[in-house]
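Everything below concerns the one structure shown next.
The values are calculated or read from the model by the stated rules, or taken from the named source; none is laboratory data. Remember, it's a predicted structure, so these values are computed and weren't measured experimentally. Because the Cβ atoms are built from the backbone with ideal geometry, glycine has one as well, and the counts that use them run over all protein chains shown.
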Amino acid sequence: MDLNKILPQKGPPINEVSKYIEKYKNDLIVIKYGGNVFIDRDIFNNFIADISILNKLGLSIVVVHGGGPRIKRELEKSNIQSKFIKGLRVTDEKIINIVEDVLIDFNHDIVNSLKKKGTEAISINTKNNNIIEVIPESEELGFVGKPNKINTDIINKIVEKNIVPIISPLGLGKNNQTYNINGDTAAGAIAKSLKSRRLLLMTNIKGVLDKEKNLIEEITSSEILKMIKDETITEGMIPKINTCLDAINNEVTAVGIIDGRKKHSILFEIFSDKGSGTLIRK
């Protein structure tokens, strides 16, 4: 395999890439693509390029995407004001229909963009290959669910064929009712169920910051808990951090919160010694 022909010129060093390809060749990596990073089309194209490269290098990748900014835009077009409870959107019947359409449309955008790069990908959502069974989060949130069961057989069969599954954060409850799921929560549940080696949460922040707002490159779960206690980590980050802690307490080796605004952030996180954000270990 000629890495010079596959890797971007401004990507991680080839000697480091060779080392990490060997390290990850038999493992699954779950990547959550979300936050405001996917409004920017250049970042989107960069993300597509990175996923395509990982696939060409033979790594087993599962992608879970979000959709918050796109959903917000579509709801505003329909003059619908969103109400949030603890960071989760209250979702009635009208809103869930818009949410489902937006997420599936974005899902197809990712799949089609990967195919244009020569990477085989498949859409997984509530209307095609649903894998997530949910229970309601709470009565007051409406059609917001939390994963109860993940059909890992479908994902494993896809990955074994060197196809990249692209998963929307949607699930089905009783009577095949569609529920919206927080994207990080969905990615964490999938990573746990697959026992993936890595979970990467791609976002629009540097990673976990200390009190002086400096990036912490690597941290343990006990250190994270101390930072929550002394309020270094505050409300906005806590749901994301809880997803990370839940994953590493359930056989995911490590979780990365990575800065998706950086070019080739996924490649640098997986294939370089320095990484692209904060790595959280047990």
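Going by the structure shown, is I85 closer than 17 Å to S168 by Cβ and hydrophobic (A, V, I, L, M, F, W, C)? No; evaluated as a whole, the condition is false for this residue. Starting from residues that are part of a helix (DSSP H, G or I) and of a type in the set (K, R), keep the ones in the stretch 58-90 and report whichever is nearest to the chain's Cα centre (by Cα). Checked the stretch 58-90; the qualifying residue nearest to the chain's Cα centre (by Cα) is R70.
State whether one or more residues within the stretch 261-273 are in contact (Cβ under 8 Å) with a residue 40 or more places away in the chain and under 24 Å from K146 (Cα atoms). Looking for residues that are in contact (Cβ under 8 Å) with a residue 40 or more places away in the chain and under 24 Å from K146 (Cα atoms), one finds none in the stretch 261-273, hence no. For S196, the criteria (1) closer than 21 Å to F106 by Cβ; (2) surrounded by 21 or more Cβ atoms within 10 Å (Cβ to Cβ) hold in every case but one, which is (1). For the criterion of being at pLDDT below 95, among the basic types (K, R) and farther than 28 Å from E16 by Cα, K263 fails. Can you confirm whether the stretch 96-103 contains a residue that is crowded, with 21+ Cβ neighbours inside 10 Å and part of a loop (DSSP other than H, G, I, E, B)? No - not one qualifying residue is present in the stretch 96-103. Residues in the stretch 128-153 that are part of a loop (DSSP other than H, G, I, E, B), at pLDDT 95 or above, under 13 Å from P169 (Cα atoms) and not aliphatic (A, V, I, L, M): 1 in all. Elements of the type strands (runs of 3 or more DSSP E) sitting completely within the stretch 196-282 and holding at least 3 residues that are of a type in the set (A, V, I, L, M, F, W, C): these cover 198-203, 254-259.
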